[in-house]
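Report on one structure; see the data block that follows.
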Amino acid sequence: MVVRGAKIRRLSKSELERYSRQIALSEIGYEGQLKIRNASVCIVGLGGLGSPVTLQLAAMGVGHMRLVDQDVVEPSNLHRQLLYGVKYIGYPKVEVAARRVRELNPNVEVEPLPISINAENAEDIVSGMDVIIDGLDRMMPRYAINRACQKIGVPYIFAAAIMTFGNVTTIIPGKTPCLECFQGNLKDEMLPTCADVGVHTSLLSVIAGIETSEAIRIILGKEPCLANKLLHFDISDLTFEEIDILKVESCPVCGSNPRGTPMPLPRKLISETTGRCGRRVFRIVPRENLNLEMDKLFSIVEALGLKVRVKSNLGITFENEFGGSTSVLKSGIMIVEGAGGEEEAYKEFSRLIIDGLGIPRSRIEI
Ligand SMILES: [Zn+2]
């Protein structure tokens, strides 16, 4: 993880011009812009919510952005995930997002992490950050982030959006309820997904805009508007509703007798989802970040006679022998489309990563 150097004490002439329309806001001003320039923000999940938040905060001039995501760009992302274009299908999302941020604002130091969030790495992900912004679509990584934020004392803006409605709240450790006070014990298998029930693109910009606004309030040292309140918004009738939420005395994370944080969370080496045209998609997430040598992996894939579609710094996508595509991220995460079952998918992983690159099983298996 990148550790930032000395704080910047003055804005340059070009920064003054670039940010003139927000420095003019009494809420921000020169001192506020300096705070934004010196802030470190982490966006976890670069999908429908993470995309607009990333663009907004980069444009506003946040100095350091840590971007975390475990996926590659797919055609079904493009209707709502505004960071990506057709030519980036098959690229790691974090890599495209980092490129887009640098194009938009070269003043931003951007740190792309193509990793999967879990209880073991969540503290590293949140440490050194002024605020964490939720762009995730599953509860398990959210719980890991919530617990790490509570332990280290980092504000966490929780948000979720599906179909035409979404929720947002700002969690300040020690002051507000944590995620498990009001949404504990939810199992991902029980929750609907965007793939099943859909999501309205315009909803995402509204929810993301609220997350950005709350993050900027925290950076400026102002009280967040959504502390102790869960905002519910529905784009189908344009209703905003605020629900008071309370700290729960028996909360396993922030209650008076916490059962230790972070608690081990259930995690599997291989998980399955349904992809394009109903194809089975297997995701293999090694127990640690393997930091693969991508050039070496590229040579191995080519030597096997597999057609490479994407070769980039943080990932590779090639046509596999199951009639689909396989993507491998630098962290070692492999996404295999079209395999017949877990065993077949793991065989693919094994021949490339374990036999091909010589990575020991002990670094992979959970
Ligand atoms: Zn709690």
Task: C-alpha long axis of helix 93-104 to longest principal axis of the chain, angle in ° - done: 50 degrees
- [ ] Give me the distance between the Cα centres of region 282-325 and region 140-154, rounded to whole Å.
- [x] 31 Å
TODO: Using only the Cα atoms of region 270-363, build the gyration tensor, take square roots of its eigenvalues as a ≥ b ≥ c, and label the shape rounded, prolate or oblate: rounded if a/c is under 1.5, else prolate if a/b is larger than b/c, else oblate.
DONE: oblate
Task: Using θ = phi - 60° and Karplus 6.51 cos²θ - 1.76 cosθ + 1.60, couplings along region 184-197 (whole Hz; Gly, Pro as x) - done: x, 6, 8, 9, 4, 5, 8, 9, x, 10, 4, 5, 7, 10
Task: Share of alpha-carbon pairs per 5 Å distance bin for region 39-244, given as whole % - done: 1, 8, 17, 21, 23, 17, 10, 3, 0
Open item on the list: I'd like to compare 77-86, 58-67: which one has the highest average count of other Cβ atoms within 10 Å, and what's the full order after that?
Closed with: 58-67, 77-86
Task: Over 22 Å (Cα to Cα) - which of Lys247/Lys268; Lys7/Lys175; Lys35/Lys151; Lys13/Lys222; Lys35/Lys222 fall in this group - done: Lys247/Lys268; Lys7/Lys175; Lys35/Lys151; Lys13/Lys222
Open item on the list: For Glu109, what residues show an amide H to amide H distance below 5 Å, using hydrogens built from the backbone and excluding near sequence neighbours?
Closed with: His64, Met65
Task: Cα shape, region 126-228, gyration tensor, a/c 1.5 rule - done: oblate
Task: Between 0 and 90°, nearest 10: helix 139-152 axis offset from the chain longest Cα axis - done: 50 degrees
- [ ] Calculate, in whole percent, how much of the Cα-Cα pair population of the chain lies beyond 41 Å.
- [x] 12 percent
Task: Between region 9-35 and region 88-106, the Cα center-to-center distance that results, in Å - done: 25 Å
TODO: Provide Val110, Val72 in ascending order of the number of other Cβ atoms located within 10 Å of each residue's Cβ, fewest first.
DONE: Val110, Val72
- [ ] Quick one: which residues, 5 or more positions from Ile171 or on another chain, have an amide H under 5 Å from its amide H? H modelled 1.01 Å from N in the peptide plane, none for Pro or chain starts.
- [x] Tyr156, Ile157, Phe158
Task: Candidates Lys35, Lys296, Lys229, ranked by Gaussian network fluctuation over the chain, Cα under 10 Å, top entry - done: Lys296
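Read the figures in this text as sums done on the coordinates, not as results from a lab. Remember, it's a predicted structure, so these values are computed and weren't measured experimentally. Cβ atoms come from the backbone with ideal geometry, glycine included; neighbour counts cover every protein chain shown.
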